[in-house]
Amino acid sequence: LCKNTSFRKQRHLCRASGVMVMTAEDDRTAKKSTAGTDTDVMHMRIADRVMISWACTLPIFAAVVFLSDMGVGLHVYSSMAPAWVSMAGDAVLFATSFVVCSLYVLDWLRFPSAPRIAITTFVTVSFLVGALLKSMKYPWAPLLLAICLEPALIGALRVSRCRRVNRKQLYAWISGSMAFGAFVVFLAWVPWLAGAFQSDDHLWTRTTKDDLAARSGNIYAHALPDTAKSRVADFGYVTHCHPQLKDLTGLPSDIVNDIEAACSNAANMWFLAWTAPLIAMVCNVAAGIFCFWTCIIFKDETAASKSNMLRALKDVAILLVVVFAGVYVSLSFTSLSLGHGVIAFCAATLVVLAMWSISEIGPAFLRQEAEGHPYAKQLGAAWRSDWARAIAVGATGIFCLVFFLLSWLKQRLRVRFGREETGGRFTQDAEWLLDQIRDWSWASILTKIAILAELFFVLQVGVSKVTYIFLSWLSRELVAVNFGIVCALVFVIGNIMFMLPPVPGIPVYVFTGIVIADQGARRLGDNGFYWGILIAIAISFVNKMAACCGQYCVGYFLGMKVKIQQLIKVDSVPTRAIESIVKREGLNPAKVAILIGGPDWPTSVGCGIVKVNIPQMLLGTTPIVLLLSPCVLAGAFIARKGAFGPDSVFPMLSNISLLVATVTQVTAMLVAGVYIVKEIQLKGDELAQPREEHAAVAERTRREEKSTEVYRRITTWSSLSPSEKAVLIAMTAFCELSCFMFVMLASKCFRPFSVDKEINAPYEDGGLNGDPLSIVLQPLGSMGLGLFALGVCLHVTHCRTMRRKHRRALAADVDPVFDRTFSVTPAAEPRV
């Protein structure tokens, strides 16, 4: 009788008859809980196939038509070039972000389905429009969002129409649709490259670059900042950006820097317009392969199938990190903006993988696997350390503050309108987060944030800039020296650089390739360049072996001190696991991965502290030739680029060599980490046993327990005075802000300079105009350095203050057991 009536009327009639029925919410919950079971699986319908095909092809076709040179990409980018368009993009993105925050505060998830869909569509379109309007500053953003539309649309269909569809059929169809879309783009792109549609081809040559730049006149017209336009007459590609025809003589250094930045931004836009079809094809092919792999591995809902898929996901994530890291290093030498685009692509891919795992595998199974997995236990132990928490707080601190503010507003509205019975200050998720972080040692965490910022400055700002300037000066000075003396000096200087703890090995290898290959090409005849490469590889290899011995000696003599052994925790399980691996004989894969994948100085010094056999250590380090050879080749190709110009094949070969070296380094580091965790799993109990040779370390640790406990007590947040808390907060803020400037505003803080450039060269040629200090740009460069210096001064002040308090507490002999801030259980034994 009621089959043709609505669900609401059926529920009303049944309730009137005294029959218990499920509410609509209960019905949706039951459907979600039974989705994916064998009794609930159905075959794909024709409408589902059509919608999946459109979701897999429309975004890539839109990217090719509207964002590439095959379509109207250059016209779109040119229309986005004026400054007011970028300001409009800021306004749109700000308004959209405000809308998203407001929706969170207003409990958007409790809205009816129709308004939720409309609001989601509006927010998505707004973000796309805002990203398109910001094309001048972030040329990769529209392409990234267009490609991300594919997984977003597929995910929306998966959780709605295709929720009960057979997984194998669904992913097989998705894989075929993505392959079809990539194939269609390929069929159009190859003839376009060959010039089938026009008289001229579009191969990546100087002619194509000049044509792209000529058709990007509006981009160049608005690329220069307004402050510099009045001082530069008729800014354009030919007169200011062309590698052979530009003339920047007589211009001030600040104007030259603005011109170089403008040329780079404009070139990024037409470069992405040329490569957009290739990027879209690669993304579609990669996603199609992943979906095809999914329909083969993830066949059913059994635990074994889900476990196999998780292992496959782990391998895919590691591969993505390695590939994106290599591409980032390769592109960052050419364009910092494109390097940031690679990071954004990597982050978006990992987010898509994480959301896919939660949606398909299920959070319950993921939690179950994590609880029983040994890696999860290691990660849990690592997370409980203040270092890991410092990294997390330093990266997400500002977002956490915004989240707590929005959560407070949301809770206030819930209480005001009677939607929440509890009277807490924040929502349940925010209260849970507060409970987790309330007992953290915040003084220690904030101090470690400052230490990490200082370490970042030393490695990425101080060492890299100073090392590049020094090696560039040295390369210039060695031009007129005898070839044999040059080889000897390069070996000695490289060895000295290796013995400095902050200096990594890759710049030394690149410098060796630049100097020796260039000198070989000048002095060793027709094949001197190739002989120079071989000699440079041999010098780098011998230098690395000698440096390992020197660093081993440093560690050997330092390791005689108990304090040093305690500092590196020789009695801890992870350190003993590494020791167990590096003491193996022969070319063991785990041993090789640690010796060549770990940092140069700490690895060899650590081998000396634990007294590894020197010949076995050198034998395990011999595969380093696989890492140093691409670095030497990159240096050699950089030297040839200076001789043959930027349009030769050598810049591409240099980037490829650096890519290979980076992939090798990152892969070795990841493999080393996997082997260390496996060693802990296999021999954890044995490695945790006390050892006679570590008795002195254990005794020193036991004697310092009281001192450590007193220091921990006096540095708790509640025991700090307001002035000490202010020093900690200001220290962290200054260090964080300076690092933000050095990363996000690097091109405004430091002048670009590399090993292959000359210090005396003019700014327009990548030099420093004879002044090494001019590498710091004004005013942001000096401002960042000043903020960092203030942070370091406050850090020193905090350390001295805590040291004085610690001495006074120890002198007073305050027993922490009977202090009022500590509790004593009844079962505690009396103090002897």
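The values are calculated or read from the model by the stated rules, or taken from the named source; none is laboratory data. From a predicted model like this one, the values you see are computed outputs, not experimental measurements. A quick note on method: Cβ atoms are made from the backbone with ideal geometry, for glycine too, and the neighbour counts reach across all protein chains shown. The protein model used for the area step is the full one, side chains on, heavy atoms only, and it has no ligands, DNA or RNA in it. Shrake-Rupley method; radii C 1.70, N 1.55, O 1.52, S 1.80 Å.
Anything in segment 522-534 that is open to solvent by 20 Å² or more (accessible area, probe 1.4 Å) and under 12 Å from residue 637 (Cα atoms)? List them, or say none. Within segment 522-534, just 530 meets the criteria. Looking across segment 567-578, the residues that are open to solvent by less than 20 Å² (accessible area, probe 1.4 Å) and in a helix (DSSP H, G or I) come down to 576, 577.
The listed residues are 227, 205, 239, and the only one of them that is β-branched (Val, Ile, Thr) and either under 33 Å from the mean Cα position of the chain (by Cα) or on the phi > 0 side of the Ramachandran plot (or both) turns out to be 205.
The set of residues in segment 65-86 that are aromatic (Phe, Trp, Tyr) and within 26 Å of residue 226 (Cα to Cα) comprises 77, 84.
Cβ-Cβ contacts under 6 Å between residues 6 or more apart (or on different chains), taken from a first residue in segment 570-591 that is without any contact (Cβ under 8 Å) to a residue 60 or more places away in the chain to a second residue that is not in a helix (DSSP H, G or I), are listed as 575/569; 579/610; 582/612; 583/612; 591/584. A single entry from 612, 592 fulfils the requirement of being in a loop (DSSP other than H, G, I, E, B) and among the hydrophobic types (A, V, I, L, M, F, W, C): 612. For residue 782, the criteria (1) out of contact with any strand residue (DSSP E or B) (no Cβ under 9 Å at 6 or more places or on another chain); (2) surrounded by fewer than 19 Cβ atoms within 10 Å (Cβ to Cβ); (3) part of a helix (DSSP H, G or I) hold in every case but one, which is (1).
Scanning segment 602-613 turns up no residue that is of a type in the set (Ser, Thr, Tyr) and either over 23 Å from residue 505 (Cα atoms) or surrounded by fewer than 16 Cβ atoms within 10 Å (Cβ to Cβ) (or both).
For segment 221-262, give me the residue count where each residue is outside any loop (DSSP other than H, G, I, E, B), surrounded by 13 or more Cβ atoms within 10 Å (Cβ to Cβ) and among the charged types (D, E, K, R).
Residues flagged as outside any loop (DSSP other than H, G, I, E, B), surrounded by 13 or more Cβ atoms within 10 Å (Cβ to Cβ) and among the charged types (D, E, K, R) within segment 221-262 amount to 4.
Residue 561 fulfils the conditions (1) free of Cβ contacts under 8 Å to residues at least 24 places away in the same chain; (2) surrounded by 15 or more Cβ atoms within 10 Å (Cβ to Cβ) except for a single criterion, (2).
When segment 733-756 is limited to residues that are of a type outside the set (A, V, I, L, M, F, W, C) and part of a helix (DSSP H, G or I), the one that is least open to solvent (accessible area, probe 1.4 Å) turns out to be 738.
Restricting 445, 485, 496, 451 to those that are assigned to a helix (DSSP H, G or I), among the β-branched types (Val, Ile, Thr), open to solvent by 60 Å² or more (accessible area, probe 1.4 Å) and closer than 30 Å to residue 385 by Cβ reduces the list to 451.
Taking each residue of segment 676-700 that is over 14 Å from residue 576 (Cα atoms) and looking for partners that are β-branched (Val, Ile, Thr) and assigned to a helix (DSSP H, G or I) with beta-carbon atoms closer than 7 Å, six or more apart or interchain, yields 696/562; 700/562.
A single entry from 266, 344 fulfils the requirement of being under 24 Å from the mean Cα position of the chain (by Cα), of a type in the set (A, V, I, L, M, F, W, C) and either at pLDDT below 70 or in a helix (DSSP H, G or I) (or both): 344.
From the residues in segment 701-732 that are in contact (Cβ under 8 Å) with a residue 24 or more places away in the chain and not in a helix (DSSP H, G or I), which one is most open to solvent (accessible area, probe 1.4 Å)? The residue in question is 716. Could you tell me whether residue 99 is touching a Lys or Arg at 6+ places or on another chain (Cβ under 9 Å) and either open to solvent by 60 Å² or more (accessible area, probe 1.4 Å) or assigned to a helix (DSSP H, G or I) (or both)? When the stated conditions are applied, residue 99 does not pass them.
Kindly establish whether residue 569 is within 33 Å of the chain's Cα centre (by Cα) and closer than 30 Å to residue 703 by Cα.
Yes; evaluated as a whole, the condition is true for this residue.
Name the residues in segment 153-164 that are open to solvent by 60 Å² or more (accessible area, probe 1.4 Å) and modelled with pLDDT of 85 or more, would you? Hit for segment 153-164 is 153, nothing else.
Residues checked against (1) open to solvent by 40 Å² or more (accessible area, probe 1.4 Å); (2) within 30 Å of residue 728 (Cβ to Cβ); (3) out of contact with any strand residue (DSSP E or B) (no Cβ under 8 Å at 6 or more places or on another chain):
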site	(1), (2), (3)
399	yes, yes, yes
403	yes, yes, yes
406	no, yes, yes
409	yes, yes, yes
413	yes, no, yes
416	yes, no, yes
432	yes, yes, yes
440	no, yes, yes
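Once segment 41-86 is narrowed to residues that are over 30 Å from the mean Cα position of the chain (by Cα) and among the aromatic types (Phe, Trp, Tyr), the residue that is farthest from residue 144 (Cα to Cα) is 84. Within segment 666-700, the residues that satisfy the criterion of being open to solvent by 40 Å² or more (accessible area, probe 1.4 Å) and under 30 Å from residue 513 (Cα atoms) are 667, 669, 670, 671. Only residues that are in a helix (DSSP H, G or I), within 18 Å of residue 84 (Cα to Cα), open to solvent by less than 60 Å² (accessible area, probe 1.4 Å) and hydrophobic (A, V, I, L, M, F, W, C) were counted across segment 110-140, and they come to 4.
Cβ-Cβ contacts under 6 Å between residues 6 or more apart (or on different chains), taken from a first residue in segment 169-184 that is touching a residue at least 60 places away in the same chain (Cβ under 8 Å) and over 10 Å from residue 56 (Cα atoms) to a second residue that is of a type in the set (S, T, N, Q) and assigned to a helix (DSSP H, G or I), are listed as 171/294. Taking the criterion of being surrounded by 16 or more Cβ atoms within 10 Å (Cβ to Cβ), modelled with pLDDT of 80 or more and either aliphatic (A, V, I, L, M) or part of a loop (DSSP other than H, G, I, E, B) (or both), the only residue of segment 760-775 that qualifies is 775.
Annotation note: Cβ proximity below 8 Å between a residue of segment 278-289 that is more than 14 Å from residue 346 (Cβ to Cβ) and a residue that is surrounded by 24 or more Cβ atoms within 10 Å (Cβ to Cβ) and acidic (Asp, Glu) (sequence gap 6+ or interchain) occurs for 284/150; 287/150.
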